[in-house]
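Everything on this sheet refers to the single structure shown next.
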Amino acid sequence: MKSKILRMLKESPAYVSGEELSAQLGVTRAAVWKAIGKLREEGYVIDSATNRGYRLVSCLRDRMA
């Protein structure tokens, strides 16, 4: 699920709502929130904004390359 969320965030230049992510993946918004947390632990910088959703800002791996 993390890879699918990451792909969706990479493909969108704008914020993607947690509701949209959960609907497309068939999981709860809580499950999306947990997956986002794990992606952040892996070095992805993901911005979150109330009533907007999530947006991929950068990746620690990108900075290391």
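The values are calculated or read from the model by the stated rules, or taken from the named source; none is laboratory data. Just so you know, these numbers come straight off a predicted model, no measurement behind them. Here Cβ is always computed from backbone atoms with ideal geometry, including for glycine, and neighbour counts include all displayed protein chains.
Suppose the filter is within 9 Å of the chain's Cα centre (by Cα) and modelled with pLDDT of 95 or more; does Gly53 pass it? Considered against the rule, which asks whether it is within 9 Å of the chain's Cα centre (by Cα) and modelled with pLDDT of 95 or more, Gly53 comes out as yes. Could you tell me whether Leu9 is part of a helix (DSSP H, G or I) and touching a residue at least 40 places away in the same chain (Cβ under 8 Å)? Judged against the criteria, Leu9 is a match. Limited to segment 1-16, what total is found for residues that are farther than 15 Å from Val32 by Cα and not hydroxyl-bearing (Ser, Thr, Tyr)? Number of matching residues: 4.
Of Ser17, Ser58, all but one fail to be out of contact with any Cys (no Cβ under 6 Å at 6 or more places or on another chain), modelled with pLDDT of 95 or more and small (Gly, Ala, Ser); the exception is Ser17.
Restricting attention to segment 12-37 and to residues that are exposed (fewer than 13 other Cβ atoms within 10 Å of the Cβ) and part of a helix (DSSP H, G or I), the residue that is nearest to the chain's Cα centre (by Cα) turns out to be Gly37. Within segment 20-41, the set of residues being of a type outside the set (Val, Ile, Thr) and free of Cβ contacts under 8 Å to residues at least 12 places away in the same chain comprises Ser22, Ala23, Gly26, Arg29, Ala30, Lys34, Gly37, Arg40, Glu41.
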